[in-house]
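J.: This is the structure I have questions about; it appears just below.
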Amino acid sequence: MSGIFREAGLVGKTLRTKTLYQDKEWLVQKYVKEKLSTVEIARIYRDTENKWCDPNTISRWLKKHNIAMRSLAEAQQNRHSAVVTPAANRKKGS
C-alpha cells in the first residue's frame, strides 16, 4: 500500500486540507496588519469556519511561521488603544 502513496508523492505528507489559521498570509493580515490578538483571531476562525479553535493554536502557528509574537506590553497597548465611537456605545432606539 505504501507504494501507491509513494508513487503519488504522498509519503510523509498529510491528506488533510490546510485550515485558515495555518495560512501564513491570513495570520500576517490578522495578527500583524490588523493587530488582532490570538483570542480575537481564534474567535474569527470559529465564527467563519464554525469549528473550535483555541488561542494557543493560533500562537503555535504564529511561531511555526516565524511571525514575531508581541510582548505583553505591546499586546496591552493594542488592547487599550482600540477606538470606540460614541455611536457604538448607544443602544438602538435611544
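The values are calculated or read from the model by the stated rules, or taken from the named source; none is laboratory data. Please read these numbers as outputs of a predicted model, since none were measured by experiment. Cβ sites come from the backbone with ideal geometry, for glycine too, and all protein chains shown count toward neighbours.
J.: Only one of (1) under 13 Å from the mean Cα position of the chain (by Cα); (2) loosely packed, with under 12 Cβ neighbours inside 10 Å; (3) modelled with pLDDT of 95 or more fails for ILE67. Which number is that?
T.: (2)
J.: Suppose we filter ASN89, ASN50 for residues that are modelled with pLDDT of 85 or more and either touching an Asp or Glu at 6+ places or on another chain (Cβ under 6 Å) or surrounded by fewer than 10 Cβ atoms within 10 Å (Cβ to Cβ) (or both); which single one remains?
T.: Only one candidate qualifies: ASN50.
J.: Of all residues in the stretch 39-75, how many are in a loop (DSSP other than H, G, I, E, B) and not small (Gly, Ala, Ser)?
T.: 10
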